[in-house]
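The values are calculated or read from the model by the stated rules, or taken from the named source; none is laboratory data. Just so it is clear, the structure is predicted and the values come from calculations on it, not from any experiment. When we count neighbours, we look across all protein chains shown, and the Cβ atoms used for this are built from the backbone with ideal geometry, even at glycine. Protein only, heavy atoms only, side chains kept; ligands, DNA and RNA dropped before computing areas. Shrake-Rupley method; radii C 1.70, N 1.55, O 1.52, S 1.80 Å.
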Amino acid sequence: MPPRIAIPLPHFSDSEYAERAISQYERAVTLGGGEAVRVRLDQAAGELRRVIERCDGVLLPGCKADVDPAKFNAARSEHTAAADPRRDAVDDLLLEDAYRLRKPVLGICYGLQTLNVYRAGSLIQHIPDFLPEETRGRVNHEAGGKVAVAHAVEIEAGSGLAKILDADSGGRRHLVVPVNSSHHQSADVIGDGLRIVARCPDDEIIEALEGTAPGHFVLAVQWHPERSVDADASSRAIFRAFIDAACR
């Protein structure tokens, strides 16, 4: 049987957006050899736990909301979008279960951000406000889904992500990969048990995190590999590695 991958609906109140977005993640999981399991955001906690317990891995997708800055003790920026408390509550339950039972976790875009905050990290609420003037205009991190390649990402040699993307060398080579981009926030202070494994070389914005606990697959990327699985070997490799971890 293929491993069952829990994917929360991306947004609670905008069902049209949520339906459109989740189908890309479901397809990428299926192509990687897994079975996607939709996790509704309107279920009671007990029902949610029963769904989660039957899953072998957790994929945290993107979202049009922003994490409530109160969760990392920051004042709200004028650029911060409304939070989605239902989505955040489900993400927290999924992560609680995944960390307790060492189920693999893949976070994508907003999923990186909720993972980092769950692990007591913080976020840059609006990248242009954070960057110095000399680097502010080099990269459009909000390029959107219609832009196939928005910028490059530099992967740390020897990291788990490098080994996934460059299996031939065991992740030892210097690796720069092209990625899409649809975010205005990013990780700032890194959460407990996570480490930085990729940055945008043009402005040093954090682009990927991975877990530090041996034997527990935890990976989060700020770009959207689910959008490019058909054309991009690196995107397919990320999903294959995640699904393989869920098989163990």
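Annotations for the structure displayed:
- When all protein chains stay in place and ligands, DNA and RNA are ignored, the 1.4 Å accessible-area order of D56, D42, largest first, is D42, D56.
- Three-way shape call for the range 52-191 based on the alpha-carbon gyration tensor, with the a/c threshold at 1.5: oblate
- Cα gyration tensor category, rounded, prolate or oblate, for the range 209-248 with a/c compared to 1.5: oblate
- Most mobile of L31, L115, L60 in a GNM of the chain (Cα contacts under 10 Å): L31
- Protein heavy-atom accessible surface, 1.4 Å probe, per residue over the chain: 44 Å².
- Taking each DSSP H run with n ≥ 4 as -39500 (n - 2.57) and averaging over every residue of the chain yields -9500 deg cm²/dmol at 222 nm.
- DSSP-defined beta bridges in the chain - what % are antiparallel, rounded to 5: 55
- For the range 1-113: rounded, prolate or oblate by the Cα gyration tensor [a/c cutoff 1.5]: prolate
- Net charge of neighbours whose Cβ lies under 11 Å from the Cβ of A162, counting Lys and Arg as +1 and Asp and Glu as -1: -1
- Largest accessible area first, the listed residues K64, K146 line up as K146, K64 when surface is computed with a 1.4 Å probe on the assembled protein chains.
- Summed side-chain charge close to F217 - residues other than F217 whose Cβ falls under 9 Å, Lys, Arg +1, Asp, Glu -1: +1
- Mean separation of Cα pairs under 8 Å and 6 or more residues apart, divided by the residue count, gives the range 12-126 a relative contact order of 30 percent.
- Exposure of K71 as accessible area (Å², to 10), given a probe of 1.4 Å and all protein chains: 90
- Share of carbon and sulfur in the accessible area of the range 95-248 stands at 48%, probe radius 1.4 Å.
- For the range 1-74 versus the range 210-242, the inter-centroid distance based on Cα atoms is 16 Å.
- Gain on full extension, evaluated as 0.36 nm per residue between E133 and D244 minus their Cα-Cα distance, stands at 35.7 nm.
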